[in-house]
Structure formats: structure tokens, C-alpha cells
1. Taking θ as phi - 60°, what are the ³J(HN,Hα) couplings along the stretch 311-323 by the Karplus curve (6.51, -1.76, 1.60), each to the nearest whole Hz, with x for Gly and Pro?
2. Mind running the shape call on the stretch 1-112? Use the C-alpha gyration tensor, a ≥ b ≥ c as the square roots of the eigenvalues: rounded below 1.5 for a/c, prolate if a/b tops b/c, oblate otherwise.
3. How far is it, in nm, from the label point at V127 to the one at L94 when both lie 7 Å from their Cα along the line to the Cβ?
4. Ordered by residue, what ³J(HN,Hα) values in Hz, to whole numbers, does the stretch 213-220 give under the Karplus form 6.51 cos²θ - 1.76 cosθ + 1.60, where θ = phi - 60° and Gly and Pro are x?
5. Could you work out the relative contact order of the chain? I mean the mean sequence separation of Cα pairs under 8 Å and 6+ apart, divided by the number of residues, in percent.
6. Quick check: net charge around A226, other residues with Cβ under 13 Å of its Cβ, Lys/Arg +1 and Asp/Glu -1?
7. As a footprinting exposure proxy, order K281, K249 by other Cβ within 10 Å, with the fewest listed first.
8. Determine the gain in length on full extension of the stretch I63-A171; use 0.36 nm per residue of separation and subtract their C-alpha separation, reporting nm with one decimal.
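Laboratory data are not the source of any read-out in this text; all were calculated from the coordinates shown. The structure presented is a predicted model; accordingly, all values stated were derived computationally and were not measured. All Cβ positions, even for glycine, are placed from backbone atoms using ideal geometry, and neighbour counts span all protein chains on display.
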Amino acid sequence: MVSVNFSTLALGAFALLSVFAILYGRHWREEPGRNEFALFSGASGLAALGVLLAAFSDGSYGIVTVAVAQTLILSGAALAWQGMRAFDQRRLDLTLATAGPLAFLLLTTSAPLLQDSFTARYLLAAVIGAIYTGLAGWELKASETEERLSNRAFAYRWFAGLSAVLLLSGASAYVWPPTATDLSASGPLWLTIAIFAIFVHALIAPLSVFLLVRDRLLVEHRWSAATDSLTGLANRFTFLEMLQTLSTKVRGEGAFLYVDVDHVKRINDHYGHSGGDEVLKTCAEIILRELPEHALLGRLAGAEFAAYVPFCKVEDAEKLGHIIHDSVEQQMFFLGGDLVPVTVSVGVAHGAMQVTADELLKRADAALHTAKVNGRNSVVVWADGQRPSYA
């Protein structure tokens, strides 16, 4: 019969979990706003302490080696579940997270049946552990459609798999309860499999979470590199790249709107750059609100925004330019206690299938240049015969 040395596995699991507890703790100190790091560190630390105490158990009941040890392990599973909730920006449920470990501790220290019967203790611990492990997997699965991370599927399947193993081992304990001789020897096969699975989980679970955190950081880095930090819109490089891709896929009429917030430098001089930033953020929100959902919007320069609207006729494009202009003009901007009027200049260009995206951009820029030369605070549509030389 295959057998494992429980004490050896427990000490190995203690070492692995301690390393992850320290690792997550360091990440939390570096980024104290990431509560998931604190929860994962706490989960690994509690589980590490629990398996260390359990290593000194001989299978018989002991307050420290059984009741406290398994309570700490279950608390680690509960905190790991809460860490998954924090990872996916869900509200923590500390009441339910503490209910299982607390119930196990109270029952094992007060109920004679649980003190006398290894089977009863194991069955209770397996069910509670399976619930928390299954909940952790469910949290990851529930957010799969919202955020696709390369290691998410593996992580939630792994947690779900361990939950199933714990439930099966609990059922096996009920059907084939071990005798005192079994516990003093190698133990029944189902117990050997369960102990080995828990040991492997001590390695794979925190590692899979670490990979998820790495995936999230990579996504955040790519997003940061592709967007404007002030407005959250696509930056110039990303916008032009997306424009080329979109324009080759969309065949038909399209419009390009070039929007410039008038006299932002004056606002910066009078109300500081924070005042100018507030104006730009609000203008970005207004433009985004007025554009169709399928439009592409980006911030190309300091006070300049550009939008590409596929399937847009010339009269609709001009109307859209006036809507954006009027919406900004009607918006109330309060800076330093003053009501500050803000206007925009809009250049509009329209083209059919044969007009390239680059040509549209140049035409819209030429129209915007005309609006600026004529005193700003206006909407100008590019007309045939204009020289698009300002892009």
C-alpha cells in the first residue's frame, strides 16, 4: 500500500506556506492599498502555523495539535477565499469567513463525539474546508467574463478540484472509518490521497494566486502604456494604431472630429494645472458621452481630443460637432470658487470608403486650424479645396 509520512509532508507544507506568507507580506508593504496581498499573506501564515502544529499530532485528540491546528488551517482557507473577493474588487464577508473556523473550534473543544472520533473530526473539517475552497474557486470563476487572465481558469479549476477531493475524502471517512491501528500505521488509502492532495495544494494554490497577481499587473501595465493617465482615454500612439485597424475593417462613410479646448493655458495660469486638468477631464467625459458607442476617442495632445465615428454621414458629423461644442459651452466649471466659461473648437472631416484614416485626420486638423484662426469657439467642417497640411 502506498503510504506517506504525515509529519514530513506537514513540515514541507509549513516551509512552502511560510515562504508565500513572507512574499505576499512584502508585496503588501510595497502596495498597502492592495488588500488581497494582506489577505493572501494572512491565509498562508495561518495555514503554515496550523500544519506545523498538526505535524505533532498522532491522530488522537489534542487541543493544540488538533483543535487549534485545524482551526488555523480552516482560517487560512477562509482568508484565501476573502483574498479572492478582494482580488476581484468584491466586498469582504468576514462574518461568513470566521463562522466555519470558529464553529469547528467550539465543537471540537466541547463535543465529546468530536474528541473521541477521528472520523467525525475529519468529516467536519473536510466539509468546512471544501466549502471555503469551493467558494474561492467560485469567486475566480464568477469574474472570468469580466477580466480574462491567462491563469484564471487553471486557478479556479484547481480550487474546485481540491474541494471535490475534500468532499470525497469526507465521504470515504464516513463509509470506511479508520481504526486506531490504521492511524498508527500508514492509514487508509483515501486518507493518504487526501493528505498528499492537501500538501500539493499548499504549493499550487498560493503559486496559482501569485500567477494571477502577475497577470493582473501585466494587464495594468499594458493598460497604463496604452491610455492617457489623466482622462483614461487612449493616448496618441494607441489611438492612431486603433484608428488604422478600425478604418481597414470598416468600409463605408466615416467622420473624424478634432476637438481642442480653448485657452487651457490661461486656465492653468489663473487656477493652476489642477484647474486645467479638471477642465480637460470634464471635457473628455462630455465628448465621450455625446459620441456614439461605436466611436473611437483618444487624447492626442495636451488639450486636443480626436474621435473617429464610422458609418457617419457628413450632416450627422457636423451635427455631432455642434452637440459637443454646445455641451461643453453649457457645462458649468467651478474653479477656485469662480464660474469659469469653457469653450472648444471643433474641426470636422468626412470621407467615403476611398478616403484613408490618415487623410481624414489631416482634413479634420485643417478644419480645426481654420476654427482657431477665425477666433476659436466654433465648429468648422472641412470643405473640398482646403489644403489639409496641418496634421
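1. Values per residue, Gly and Pro as x: 6, 10, 6, 4, 5, 6, 5, 5, 4, 5, x, 5, 4 Hz.
2. Oblate shape, in that a/c is at least 1.5 and b/c is the bigger or equal ratio.
3. In this crude spin-label approximation the distance works out to 2.8 nm.
4. Those phi angles translate into 4, 4, 4, 4, 5, 5, 5, 5 Hz.
5. Details: 608 pairs, mean separation 45.6, N = 391.
Across the chain, relative contact order equals 12 percent.
6. Numbers: positive: R222, R236, R299; negative: E220, D228, E241.
Taking every Cβ under 13 Å from that of A226, the sum is 0.
7. Values: K281 14, K249 8.
Neighbour counts put them in this order, fewest first: K249, K281.
8. Working: separation 108, 0.36 × 108 = 38.88 nm, distance 2.46 nm.
Contour length minus the Cα-Cα distance gives 36.4 nm.
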